[in-house]
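In what follows, a single structure is set out as structure tokens and then discussed.
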Amino acid sequence: MSTNVRIIAYMGEQIGRLDRLISIADQGLRAVAGKPAARRPSPAIDVAEHTLHARDRNTSAALMRVNRAGEISAQALYLGQALCARTPTTRRHLLEAAAEERDHLAWCTERLAELGGRPSFFDPFWYAGSACIGIIAGVVGDRTSLGFVGETERQVEAHLDDHLRRLPADDAKSRAILTRMAADEAHHGTMATLAGGRTLPAPVRGIMASGGGFLRRLAYVV
């Protein structure tokens, strides 16, 4: 391959990466300030709405605010990882996971509005911070990046299980959404492992758990 061809190929790769970076920023604005659109209908669409007491409604709204913040973070994380993926196969895997997280975000946004709740004030921070973490994970390499997906989804499954236990018994619509989200997250984690994701070191898993816990505690209130 001649030097000119190498230069053209390199420039094309950098332009493509810049376009994807701009796309991440654009999707962040849409996620935080806009009304996200889902490819799939909400699992709660055909579930009857029950009258909730004020205290139960506030509890459900707080939990759905946390989950909305988590989906903003997950979407940004996977888009950041996809930006630096080494292979087209890994990039497709991450972009597909991000698209499903966008469904989750739309479902949580809709349900939060139905409950009369508001989004977290820190949503822009959750998105920007997660995108940066995703880029760092992607730069390390595909196997580590996929391992990051697997560990992220394992921790998300655990917190969704916790939220399902804490939801008011009469909030069947929120329960339907979180149940479907948990199934999707399990699928993402399994696919990432099968694609070659490596197990992350214990200190990294611990830092991820602490960061996730911080997000959940803060988003629950603000």
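The values are calculated or read from the model by the stated rules, or taken from the named source; none is laboratory data. Since the structure is predicted, the reported quantities are computational estimates derived from the model, not experimental observations. In this analysis, Cβ positions are derived from the backbone assuming ideal geometry, glycine residues included, and neighbour counts consider all displayed protein chains.
Looking at segment 114-133, is at least one residue part of a helix (DSSP H, G or I), surrounded by fewer than 19 Cβ atoms within 10 Å (Cβ to Cβ), out of contact with any strand residue (DSSP E or B) (no Cβ under 9 Å at 6 or more places or on another chain) and at pLDDT 95 or above?
Among the residues of segment 114-133, at least one is part of a helix (DSSP H, G or I), surrounded by fewer than 19 Cβ atoms within 10 Å (Cβ to Cβ), out of contact with any strand residue (DSSP E or B) (no Cβ under 9 Å at 6 or more places or on another chain) and at pLDDT 95 or above, which makes the answer yes.
Looking at (1) modelled with pLDDT of 95 or more; (2) in contact with an Asp or Glu (Cβ under 9 Å, 6 or more places away or on another chain), which is the one condition that is false for E100?
That leaves (1) as the condition not met.
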